[in-house]
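The structure appears below as structure tokens.
The values are calculated or read from the model by the stated rules, or taken from the named source; none is laboratory data. Here the structure is a predicted model, which is why all the values come from computation and not from measurement. Positions of Cβ are generated from backbone atoms using ideal geometry, with glycine treated the same way; all protein chains shown enter the neighbour counts.
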Amino acid sequence: MHSSTPQLRWEADVVIVGGAVGGASTAHALATLGVSSIVLERTADFPELNRGDILQPLSLSLLERWGVLRHITAMGGYDLVASGFHHRVRGFLGEWGFEGLAMAHPHQTVLRHTNLHRALYAAFAGHGDLVTVHRGAQVSSPLFDDSGEVMRGVTGTIGGELFQAVGKVVVAADGPSSRMRRAAGIEFEQLHTYDFEYMMPTCPRPDAPELEHRTMRYVGGDGLTMLIPLDGGTEVRVPLQIPIAEESYWRSLAPYDLWQRMVERAPVLESVPGEIEGGLHTYRVHLSHAERYVKGNLCLVGDAAHVVPPTLGQGMNMAMLDADVLAAVIRRGLDDPGTSLDLYNQLRRPTNEVVLATSHEQTLAQSATGPTVDENVLRDYAWLADPVRRREVAERVAGLYNKTAEQFGILGASGGVHQ
Ligand SMILES: Cc1cc2nc3c(=O)[nH]c(=O)nc-3n(C[C@H](O)[C@H](O)[C@H](O)COP(=O)(O)OP(=O)(O)OC[C@H]3O[C@@H](n4cnc5c(N)ncnc54)[C@H](O)[C@@H]3O)c2cc1C
């Protein structure tokens with residue numbers, strides 16, 4: 001039984017609800033600018049999650065600045081230079097690649113999602129006492145000041161005790177069904193409903209040169225099947241598009257039967273018979289966008305603000321850029337109270353709208369199903385032979401069109417307030 005007076009009270013510049021990629025990135029970006037934060041994450045341990053393994057080139061630069069990239073490398077981050085398109089009968093259709101892009105890291109890096117969390121947390125040690133983490137902290141509701149207008153923190157429970165965490169800004173990084181977003185009454189518009197979902201099995205990597213620092217995408221009448229090299233290229237994650245109506249059938253398949261179905265989609269898997277790793281949960285695919293990212297002193301980042309289909313691997317990229325820009329706006333606001341947090345909304349929301357539109361367009365193209373998709377596959381992917389078009393897609397995926405806080409000029413060159 002809890003008494004209504006919190007036994008625990010914590011205070012920092014910023015309170016962050018949710019300590020996955022969005023929340024942990026925000027804490028790093030803030031600490032890099034000398035701003036303190038409290039991270040409240042309801043799971044006590046790092047959960048095994050089969051999602052979001054690919055980091056985009058622009059994210060790698062941010063992770064390097066925050067001191068996280070070396071941990072990713074130490075944990076077996078594997079670089080990917082291109083994404084190849086294949087058809088089970090027609091063979092290789094073409095590829096887009098990142099080599100030659102004017103970026104510090106002209107490649108993607110892949111690491112198991114759980115290990116990305118571990119790398120983000122290992123790097124907190126580099127920020128001294130600017131980041132305080134409380135895992136196992138379940139946030140239940142926001143706290144308002146006496147006017148009832150300004151959110152001054154949150155309350156919740158940890159280890160059976162009530163806590164209060166207060167700060168000048170509250171960041172909701174609590175995922176797609178964000179409790180904080182709902183508490184603030186911010187609309188989350190569902191822009192599109194897809195009729196498929198992804199199963200994410202993992203198996204040993206087939207001995208195929210096509211997977212050497214590359215992902216493989218099989219497109220065709222059954223939809224999209226991707227092969228993503230994991231663990232330094234010894235395993236592959238295989239996001240597999242399945243119709244929602246067939247979910248229980250796919251989930252009931254024995255490993256050998258599942259492998260057979262996977263080989264029908266992606267013949268390159270023939271050399272790894274039946275060795276499918278568990279964790280065959282499925283993920284529904286969404287396209288949703290919050291009507292705004294800021295209300296009062298509550299700011300949304302990551303999936304709490306926007307959810308995209310994983311076709312172009314943009315979810316974490318967006319979360320990290322949100323963190324970068326929001327941290328600079330908060331830093332500027334602490335130095336100059338005339339700065340409105342809404343600047344974050346003005347700068348990030350239009351950029352993310354474009355990323356959502358590109359991801360949606362590519363998702364519809366790559367997930368199309370039916371016999372005519374097989375018949376027209378050479379025509380539909382002929383654009384991969386066009387170097388201009390190929391480069392444009394690679395630049396979009398890499399994040400080249402998304403401005404960082406530095407490019408927006410939110411802070412001056414010295415890191416002080418930009419006048
Ligand atoms: C199948 C799949 C594949 C994907 N592949 C890629 C990819 O290759 N590249 C890419 O960039 N993105 C990918 N994504 C998207 C990416 O995984 C997400 O965009 C990203 O992980 C979102 O991070 P987040 O921190 O915003 O949200 P979440 O990961 O949802 O984290 C929210 C956190 O908040 C915590 N929380 C929630 N409520 C509370 C509360 N009340 N109190 C305390 N804590 C709370 C949760 O425990 C959780 O840890 C993929 C997604 C899927 C589903």
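Residue 207 passes every criterion in (1) crowded, with 22+ Cβ neighbours inside 10 Å; (2) over 21 Å from the mean Cα position of the chain (by Cα); (3) more than 16 Å from residue 373 (Cβ to Cβ) apart from (1).
With respect to the conditions (1) in contact with a Ser or Thr (Cβ under 7 Å, 6 or more places away or on another chain); (2) crowded, with 18+ Cβ neighbours inside 10 Å, residue 259 falls short on a single one, namely (1).
Taking first residues from segment 82-111 that are touching a residue at least 12 places away in the same chain (Cβ under 8 Å) and acidic (Asp, Glu) and partners that are part of a loop (DSSP other than H, G, I, E, B) and surrounded by fewer than 19 Cβ atoms within 10 Å (Cβ to Cβ), the Cβ contacts under 6 Å between residues at least 6 apart in sequence or on separate chains come to 99/81; 99/106.
Restricting segment 3-20 to residues that are within 15 Å of the ligand (Cβ to nearest atom) and among the small types (Gly, Ala, Ser), which is nearest to residue 154 (Cα to Cα)? This residue is 18.
Against the test of being more than 30 Å from residue 12 (Cβ to Cβ), among the β-branched types (Val, Ile, Thr) and without any contact (Cβ under 8 Å) to a residue 12 or more places away in the chain, the options 388, 393, 373 yield a single qualifying residue, 388. Residue pairs whose Cβ atoms lie under 6 Å apart, sitting 6 or more positions apart in sequence or on different chains, and linking a residue in segment 39-61 that is within 20 Å of residue 27 (Cα to Cα) to a partner that is in a loop (DSSP other than H, G, I, E, B) and within 7 Å of the ligand (Cβ to nearest atom), are 39/19; 41/19.
For segment 397-413, indicate whether the set of residues that are surrounded by 14 or more Cβ atoms within 10 Å (Cβ to Cβ) and farther than 26 Å from residue 308 by Cβ is non-empty. Among the residues of segment 397-413, at least one is surrounded by 14 or more Cβ atoms within 10 Å (Cβ to Cβ) and farther than 26 Å from residue 308 by Cβ, which makes the answer yes. Does any residue of segment 132-149 turn out to be within 23 Å of the chain's Cα centre (by Cα) and of a type in the set (Lys, Arg)? Yes, there is a match, as at least one residue in segment 132-149 is within 23 Å of the chain's Cα centre (by Cα) and of a type in the set (Lys, Arg).
So that you can scan it fast, the table gives a plain yes or no per residue for (1) more than 11 Å from the ligand (Cβ to nearest atom); (2) closer than 30 Å to residue 247 by Cα; (3) in contact (Cβ under 8 Å) with a residue 60 or more places away in the chain:
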position: 122; (1), (2), (3): yes, no, no
position: 132; (1), (2), (3): yes, no, yes
position: 138; (1), (2), (3): no, no, yes
position: 146; (1), (2), (3): yes, no, no
position: 169; (1), (2), (3): yes, no, yes
position: 198; (1), (2), (3): no, yes, yes
position: 210; (1), (2), (3): yes, yes, yes
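In segment 93-138, how many are buried (at least 17 other Cβ atoms within 10 Å of the Cβ) and in a loop (DSSP other than H, G, I, E, B)? Count: 9.
Against the conditions (1) surrounded by fewer than 22 Cβ atoms within 10 Å (Cβ to Cβ); (2) touching a Lys or Arg at 6+ places or on another chain (Cβ under 6 Å), where does residue 223 fall short? Just the number, please. So the condition that residue 223 fails would be (2). For residue 144, the stated conditions hold: it is of a type in the set (Phe, Trp, Tyr), modelled with pLDDT under 95 and closer than 30 Å to residue 39 by Cβ.
Considering every residue within segment 106-118, establish whether at least one is away from the ligand (no atom under 11 Å from the Cβ) and either more than 30 Å from residue 75 (Cβ to Cβ) or among the aliphatic types (A, V, I, L, M) (or both). Taking every residue of segment 106-118 in turn, none turns out to be away from the ligand (no atom under 11 Å from the Cβ) and either more than 30 Å from residue 75 (Cβ to Cβ) or among the aliphatic types (A, V, I, L, M) (or both). The criterion of at least 3 residues that are closer than 22 Å to residue 177 by Cα and within 11 Å of the ligand (Cβ to nearest atom) is met by the following helices (runs of 4 or more DSSP H) wholly inside segment 229-335: 315-335. For residue 275, state whether it is acidic (Asp, Glu) and closer than 24 Å to residue 359 by Cα. It is false that residue 275 is acidic (Asp, Glu) and closer than 24 Å to residue 359 by Cα.
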